[in-house]
Each structure stands twice: as structure tokens, then as C-alpha cells.
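The values are calculated or read from the model by the stated rules, or taken from the named source; none is laboratory data. No experiment lies behind these values; they were computed from the predicted model shown. When we count neighbours, we look across all protein chains shown, and the Cβ atoms used for this are built from the backbone with ideal geometry, even at glycine. The accessibility values were calculated without ligands, DNA or RNA, using every heavy atom of the protein model including side chains. Shrake-Rupley method; radii C 1.70, N 1.55, O 1.52, S 1.80 Å.
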Amino acid sequence: MASGGESFPAVDAEKELKPQKEFQVDPVSSQVASSIEKEAKEKLDKMKREKDRKDALQNFKTAMIISGVVVSIVGAAFAITKKLKERSN
């Protein structure tokens, strides 16, 4: 397979496994990134509040429509029974 004295170069395993932990951060880039994250979070929160408000309004409308249908069915049932009683007399 390998011929001769060729081998891989020596490597400092400690240096490779634990790279330098101190990084220099550009303060302008950091501020830009944090402001973009903040704007995105605010936009997401605003969209969630609007969606919750729309959901609540939709639930209210649905409840009102269902109540109206139930009241009209009950009213029709009473009217029909009243007419049937009048005919039988």
C-alpha cells in the first residue's frame, strides 16, 4: 500500500481538537445582526397578535351565526307547533 518513508505530517491533537476560543467580533456587524434579529422578532410578535385577534373575532362571528341559526330553528319549531294546534282545534 504505502511505499517508502512517506507518512502523514505530525499534528498537535490538542490544538486541533480545542481551537482558539477567543474571537474578535466586529461591533458594527454585531449591532446590525442583533437589530435585524430584534426587528424580525418584533414583526413575528406583531403578526402573532394580529392572528390571535383575528382568531378571536372569527370565533365570535361563528358563535353568533350558530346562535342565530339555533334561534331561528327553535322559532320555526314553535311556529309550526302553534299552527298544528290551531288546526286541530
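When the Debye formula is applied to the Cα atoms of the chain, each taken as the same point scatterer, what base-10 log of I(q)/I(0) results at q = 0.12, 0.15, 0.20 Å⁻¹?
At q = 0.12, 0.15, 0.20 Å⁻¹ the computed log10 ratios are -0.79, -0.89, -1.03.
Using a Förster radius of 41 Å, what is the FRET efficiency between Leu84 and Lys51 based on their Cβ-Cβ separation? Nearest 0.05, please. Intermediate results must be reported in sequence, preceding the final value.
Values: r = 49 Å, r/R0 = 1.20.
Working from the Cβ atoms, E equals 0.25.
Quick one: among Lys38, Lys48, Lys18, which has the greatest mean-square fluctuation in a GNM of the chain with alpha-carbon springs under 10 angstrom?
Ranking Lys38, Lys48, Lys18 by mean-square fluctuation puts Lys18 first.
For region 32-76, report the translational diffusion coefficient in µm²/s to the nearest whole number, using Stokes-Einstein at 20 °C, 1.002 mPa s, and a Kirkwood Rh over Cα pairs.
Diffusion coefficient, whole number: 163 µm²/s.
As I understand it, the value is the acute angle between the Cα axis of helix 27-88 and the longest principal axis of the Cα atoms of the chain; what does it come to in degrees, rounded to 10?
20
Rounded to the nearest 0.05, what FRET efficiency do Glu16 and Glu42 give with R0 = 41 Å and r taken as the Cβ-Cβ distance? Could you check?
About 0.45, to the nearest 0.05.
Taking all protein chains in place and a 1.4 Å probe, what share, in percent, of the accessible surface of region 1-65 do carbon and sulfur account for?
Solvent-exposed carbon and sulfur of region 1-65 make up 58 percent of the total.
What accessible area per residue comes out for region 3-74, rounded to a whole number of Å², with a 1.4 Å probe?
Value returned for region 3-74: 102 Å² of accessible area per residue.
So what's the back-of-envelope 222 nm ellipticity for the chain, counting only DSSP H runs of four-plus at -39500 (n - 2.57) apiece and dividing by all residues, rounded to 500?
Taking each H run of at least 4 residues, the total per residue is -27500 deg cm²/dmol.
At 7 Å along Cα-to-Cβ for each site, give me the label-to-label distance between Val70 and Val28 in nm.
6.5
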